[in-house]
Structures are given as C-alpha cells and as structure tokens.
Amino acid sequence: MKKLLLTLFALYTFYTIQAQHKLVKLWETDSILKVPESVLFSIKHNVLFVSNIDGKEPWSKDGKGSIGKVGLDGKIIKVDWVTGLNAPKGMGLYKNKLYVADVTEVVVIDIAKAMIIKRILIDSAQTLNDITIDKKGVVFVSDSRGRKIYKITNDVPALHITNLKRPNGLLANSDVLYVLDDGVMYRSEKNKPLLFITDGMSGGTDGIENINGKDFIVSCWAGAIWYVNANGAKQLLLDTQAQKINSADIGYNPKKKIVYVPTFWNNTVVAYGVE
C-alpha cells in the first residue's frame, strides 16, 4: 500500500508540473553577437552580460573572445564591451566584479572600469565551463573535460569534486551547490557526497537557474529547456533541436520571471517569460 501511495504521489507531481509551466517568447536580439555561450542577468547594473566565444573552435586560446552587454529590452549595447579573452563561457558576479571561465583560467573583470584586472590560472584545468559564486564570495567552476569542479577561495583554487562524467552547469543557492553532469542533476551540501535529483536531460546539460525555492530551469546545449522540481519531476518547455538552434548557458531575471537563452551558433539571445 505504501509503495502504491508513493507511486500515485509521484505521478500526481509529474502531471501537475507538466500542466503548470510554459515559455512565452518576448524578444530576440539582432544576430551580431559572436557565438554567445552564456548570459548573466545583473539586477544591480540593469543589464545582461554575454560571453562571446567568437570562433569556430569553442575551446581555442586565440584571444578573440569578449564579453558583451545587452539591454533588458533586447537591444545590444555593445558586442565587445571587454576584449582579450580566449573562449569565455560561464560567468558570476561578486562585489562589482565579473568572474568568467576562460579555458584554463578564471578572468576577473572590474565592471566599473570595464577592464580585466586579474587572471586566476588553474594549472590542472582542461576546459573550464560554468561558474557560480556563493554569498561569501567563494567561486565554483566546472572543468568539463577534466571531469572536476574547482573551488576558489581568496583567489586560490583547489579541487572540490572529482570523478564526474562531464560537469557543466553550477548553481550555489543558499548552502547548496547544484551540479549538472552529463544529463543528470545533483545537489551537494557542505562537502557531502552528491545527491541525485533527476536525469534524462540529453543534449549536454548546460545552464541552471533557480525559479524559486524548489523549482529550477535547466538548459541543454543541443536545444532544450527543462523545468525541474527539487523532487525530480521535470517538464520539457522548449525543444529547438530540429531547427538546430542551441540553448547554452541561460540567465534569469527572478523579479520579472524571464529566462535569457544564448543560441550559440545563431549569434542571438532570446528572452522567454516563464509561466
């Protein structure tokens, strides 16, 4: 009887989440961005920061990468706001500084000065991908090919989690670190082992944002957006794989409930209202 009740509850939760949520397209930028991989919404600066890989090779150390700025109305403010990066990807904000994952180093940008002020090299890193920063300023960065997550405290990097498959999206939320690893979503609390949340999200799980205490938006690079509940229930909100439109590392405006999706090779950012 207990097993039956649990099954019925799981089915109820699944169908409830399926019926509740959808994405509504609001706008799309001009296609003049340069292979945008990540979008970061800043309520303080009232802007979207966008990382531009700018090249056919997503991991090339060619110095062509940049960070751009896009207005909340979808108008591009500046494509190359800060230059001199290699293949920039995930970003994080802390005390008016923008931290950017850039192949084997974390680049630190002073937002007020619009310039790179520091580069934190991680010697053993192969392909740094996503970044998240907790409320104390501790930076977590994933190394997809290296199968690791690093933790940077006071500009000093150290190994944090190892033996993953292909980690990418990270989210520090309160005292919990959420991790996307090759289609699977985990949570980690105070250095405890990873706890499984859900799987089955194929196409290269990429970005993760918190909608509220229990709900998340997860993107897959190949072209999919999922709504995921902390109990593991999930709903596919968007699938653009057939159109070959990517959905890389997303950003989110919690006040207006808008998710911002970089389309990678399509060179745009698309805004969707979350309902």
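The values are calculated or read from the model by the stated rules, or taken from the named source; none is laboratory data. Remember, it's a predicted structure, so these values are computed and weren't measured experimentally. Please note: Cβ atoms are built from the backbone with ideal geometry, for glycine as well, and neighbour counts cover all protein chains shown. With ligands, DNA and RNA removed, areas are computed over all heavy atoms of the protein, side chains included. Shrake-Rupley method; radii C 1.70, N 1.55, O 1.52, S 1.80 Å.
The charge dipole of segment 154-224, taken about its Cα centre with unit charges on the Cβ of Lys, Arg, Asp and Glu (plus for the first two, minus for the last two), comes to roughly 180 debye.
So how much slack lies between Asp175 and Asp30, counting 0.36 nm per residue of separation and subtracting their Cα-Cα distance, in nm?
Value of the extension gain: 48.4 nm.
Starting from the alpha-carbon convex hull of segment 83-194, give the projected area averaged over all orientations, in nm².
Mean orientational projected area (segment 83-194, Cα hull): 6.5 nm².
At 10 °C and 1.306 mPa s, what whole-number value in µm²/s does Stokes-Einstein give for the translational diffusion of segment 199-238, with Rh from the Kirkwood sum over Cα pairs? The Stokes-Einstein estimate is 160 µm²/s. Translational diffusion of segment 217-275 was estimated from the Stokes-Einstein equation, with Rh taken as the Kirkwood radius over Cα pairs; at 20 °C and 1.002 mPa s the coefficient is 184 µm²/s. When every Cα-Cα distance of segment 159-275 is counted in 5 angstrom steps from zero, the calculated P(r) takes the values 2, 12, 24, 24, 20, 11, 6, 1, 0 percent.
The Rg/Rh ratio of segment 111-164, with both radii computed over alpha carbons and Rh defined as the Kirkwood radius, is 1.00. Every Cα-Cα pair in the chain was counted, and those over 32 Å apart are 18% of them. Run the reach check for Lys151 against lysines, Cα to Cα strictly under 24 Å, same-chain hits fewer than 8 apart removed. What comes back? Within the straight-line limit of under 24 Å, Lys151 reaches these lysines: Lys61, Lys89, Lys95, Lys97, Lys118, Lys135, Lys136, Lys165, Lys190, Lys192. What is the local net charge at Ala112, summed over the other residues whose Cβ is closer than 12 Å to its Cβ (Lys, Arg +1; Asp, Glu -1)? Net of charged neighbours comes to +3. On the chain, 52 percent of the accessible area sits on carbon and sulfur atoms, based on a 1.4 Å probe.
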